[in-house]
Amino acid sequence: MMAEDTISAVITALGQGAVGIVRISGPNALAVSGKLFRAASGKNLADYSSHTMVYGHIYDLQDNSLVDEVLAVYMDAPHSYTAEDVVEIQCHGSMQALRKILSLTYAAGAKPAERGEFTKRAFLNGRIDLTQAEAVMDIISSRSEASLKLAARQQNGELAGVLHNLRRQLLDIVVCLEAAIDYPEEDIEEITFGEVKKKILEVGANISDLLNNAHTGRILRDGLRTAIIGRPNVGKSSLLNALLKEERAIVSEYAGTTRDVIEEQLLIDGVPLVLSDTAGIRKSDDYVEQLGVKKTLELLKDTELVICVVDGNEDLIAEDEEIFKTAATRPYVIIVNKSDLNVAATFDILKQRFGSNKVIALSAKTGVGMDELFDWLKSYVYGDKGTLSSGIYVQNARHEELLRQALQSLTDAGQAVSDGMPYDCIIIDVRRAINLLGEITGDTIPDEIINEIFSRFCIGK
């Protein structure tokens, strides 16, 4: 489905740099570029083989004045990013040069590209599916090397291949059921029920595997939102500083020093953390401190992991118990701080109560025990292996939700088979799962959702 319009945009990051690129895509890409680009050889860009870099200059269409010294490359359809005819002009990376060349492409007949329109055309022209298109933005916004690897694997079609295979298996189930409906005289009902249930369970198990890995993929894509909570003066800010390896938060012997949420981002062995140091949770007559505590409790609603800090050199008190209740609303780990002092009694009590895999003794002051916290975090993100393994990791919340709905449809279909429901009822559930998987790849997705997805892209992508 080739577009009629020819579009153009700057595809490099805005700002001053050594090189900037203007992309022209569409049926008239060569004609548009030919009005402003002149090869130093005197030839037309069309005279060169596709994908050949050509040295030349850009000239103003109005007064024929020199604009910039550039390199231009023509890529013929379908062997380009958009699967259309594409010309890319590499110029010097000043904002003025880029804006001028872009305006000249408009004067020559191109239209401004909309957000994500180049990638949208690649999708509509069948060069990539929707999972690969969305992976482009995941690559751009990668927070770590691990998230970059996962996004690159998805952009290469790994997730798409798995989903297309699952859809084919479900379509086989529908064919099998429809054959039993159309040819009742063949008496294949018993065989059909057995095979259908087996295949439904197999596809459901594969979808469950994808959903199990979605936890890791989502964290690597968006970062693990982590809140450090505890009563005042237990060492929350000291822990933040130890994790960051810098004096980011004020540390004082006086309780209630932290009045607001301090948010920082860091990487721990490839795991991106969005880390929040919060105000100490306690009852207080201080109005500003009350606001800080209220903000802490509001933050926990959007936090995935809670690091609950207690002072191991003191006995547990009622305020600690309230904080444990607060932490239990989310996945959590308990840090018994100040292990350089006498923390054995508190540590043993908490291990017995919450389990040894939930309690870590460390000293934010000396750093002893930090490696155990790092290992716990990696285990939380990656599972028992504690590292990124092979396999498909779903990174997109849209994909995850559609997979959950598809799994529910297959669960309903499996139950219908067990209950001996008519084949038509089973087919409805299986077809719904097929359509939901198709929404992930873009095979069965409405146009308005496609437009919404690409509207989140940046201009030039």
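The values are calculated or read from the model by the stated rules, or taken from the named source; none is laboratory data. The model shown is predicted, which means the values in this text are computed figures rather than measured ones. Glycine gets a Cβ as well: all are built from the backbone with ideal geometry, and neighbour counts include every protein chain shown. Side chains included, ligands, DNA and RNA excluded: accessible areas come from the protein's heavy atoms. Shrake-Rupley method; radii C 1.70, N 1.55, O 1.52, S 1.80 Å.
Being open to solvent by 60 Å² or more (accessible area, probe 1.4 Å) and either touching a Gly at 6+ places or on another chain (Cβ under 6 Å) or more than 27 Å from Ile7 (Cα to Cα) (or both) is the filter here, so list the residues in the stretch 433-461 that pass it. Asn435, the sole residue that qualifies. For the stretch 123-153, taking the residues that are buried (at least 23 other Cβ atoms within 10 Å of the Cβ) and touching a Phe, Trp or Tyr at 6+ places or on another chain (Cβ under 7 Å), the one that is nearest to Ile7 (Cα to Cα) is identified as Ala133.
Can Asp424 be described as of a type in the set (Asp, Glu), under 18 Å from Leu170 (Cβ atoms), touching a Lys or Arg at 6+ places or on another chain (Cβ under 9 Å) and open to solvent by 60 Å² or more (accessible area, probe 1.4 Å)?
Working: of a type in the set (Asp, Glu): yes; under 18 Å from Leu170 (Cβ atoms): yes; touching a Lys or Arg at 6+ places or on another chain (Cβ under 9 Å): no; open to solvent by 60 Å² or more (accessible area, probe 1.4 Å): yes.
Answer is no for this residue.
When the stretch 62-76 is limited to residues that are over 16 Å from Ala29 (Cα atoms) and of a type in the set (A, V, I, L, M), the one that is least open to solvent (accessible area, probe 1.4 Å) turns out to be Val70.
Of the set (1) among the small types (Gly, Ala, Ser); (2) in contact with an Asp or Glu (Cβ under 6 Å, 6 or more places away or on another chain); (3) in a helix (DSSP H, G or I), all apply to Ser50 but (3). Can we say Phe118 is in contact with a helix residue (DSSP H, G or I) (Cβ under 6 Å, 6 or more places away or on another chain), under 30 Å from Ile392 (Cα atoms) and open to solvent by less than 30 Å² (accessible area, probe 1.4 Å)? Spelling it out, it is not the case that Phe118 is in contact with a helix residue (DSSP H, G or I) (Cβ under 6 Å, 6 or more places away or on another chain), under 30 Å from Ile392 (Cα atoms) and open to solvent by less than 30 Å² (accessible area, probe 1.4 Å).
Among the candidates Val73, Val32, the residue that is modelled with pLDDT of 95 or more, of a type outside the set (S, T, N, Q) and not in a strand (DSSP E or B) is uniquely Val32.
Per-residue answers, yes or no, for (1) surrounded by 13 or more Cβ atoms within 10 Å (Cβ to Cβ); (2) under 39 Å from the mean Cα position of the chain (by Cα); (3) polar (S, T, N, Q):
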{"residue": "Ile7", "(1), (2), (3)": "yes, yes, no"}
{"residue": "Ser25", "(1), (2), (3)": "yes, yes, yes"}
{"residue": "His51", "(1), (2), (3)": "no, yes, no"}
{"residue": "Pro78", "(1), (2), (3)": "yes, yes, no"}
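Screening the candidates Val430, Val417 for the property of being at pLDDT below 90, at negative phi, surrounded by 15 or more Cβ atoms within 10 Å (Cβ to Cβ) and assigned to a helix (DSSP H, G or I) yields one hit, Val417.
Going residue by residue through the stretch 298-313, is there one that turns out to be loosely packed, with under 15 Cβ neighbours inside 10 Å and not in a helix (DSSP H, G or I)? No: the stretch 298-313 contains no residue that is loosely packed, with under 15 Cβ neighbours inside 10 Å and not in a helix (DSSP H, G or I). With respect to (1) of a type in the set (Ser, Thr, Tyr); (2) outside any strand (DSSP E or B); (3) more than 29 Å from Gln132 (Cα to Cα), the lone exception for Tyr55 is condition (2). Scanning the stretch 314-340 for residues that are touching a Ser or Thr at 6+ places or on another chain (Cβ under 8 Å) and open to solvent by 60 Å² or more (accessible area, probe 1.4 Å) yields Glu314, Asp315, Arg330, Asp340.
Within the stretch 197-205, is even one residue crowded, with 16+ Cβ neighbours inside 10 Å, at pLDDT below 65, not basic (Lys, Arg) and not in a strand (DSSP E or B)?
Checked against the condition, which is being crowded, with 16+ Cβ neighbours inside 10 Å, at pLDDT below 65, not basic (Lys, Arg) and not in a strand (DSSP E or B), the stretch 197-205 yields no hits at all.
Selection of the stretch 340-377 for residues being among the hydroxyl-bearing types (Ser, Thr, Tyr) and under 16 Å from Ser237 (Cα atoms) yields Ser363, Thr366.
Looking across the stretch 358-410 at every residue that is β-branched (Val, Ile, Thr) and surrounded by fewer than 17 Cβ atoms within 10 Å (Cβ to Cβ), the one that is nearest to the chain's Cα centre (by Cα) is identified as Thr387. Taking residues in the stretch 342-366 that are within 17 Å of Glu314 (Cβ to Cβ), and partners anywhere that are among the aromatic types (Phe, Trp, Tyr), the pairs with Cβ atoms closer than 7 Å and at least 6 places apart or on different chains are Val359/Phe347; Ala361/Phe347.
Condition check ((1) at pLDDT 75 or above; (2) touching a helix residue (DSSP H, G or I) at 6+ places or on another chain (Cβ under 7 Å); (3) farther than 30 Å from Ala151 by Cα) across all residues:
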{"position": "Ala214", "(1), (2), (3)": "yes, yes, no"}
{"position": "Gly230", "(1), (2), (3)": "yes, yes, yes"}
{"position": "Asn233", "(1), (2), (3)": "yes, no, yes"}
{"position": "Ala255", "(1), (2), (3)": "no, no, yes"}
{"position": "Glu263", "(1), (2), (3)": "yes, no, no"}
{"position": "Ala279", "(1), (2), (3)": "no, yes, yes"}
{"position": "Leu291", "(1), (2), (3)": "no, no, yes"}
{"position": "Lys295", "(1), (2), (3)": "no, no, yes"}
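Screening the stretch 16-29 for residues that are out of contact with any helix residue (DSSP H, G or I) (no Cβ under 7 Å at 6 or more places or on another chain) and not in a loop (DSSP other than H, G, I, E, B) and picking the one that is nearest to His79 (Cα to Cα) gives Ala29.
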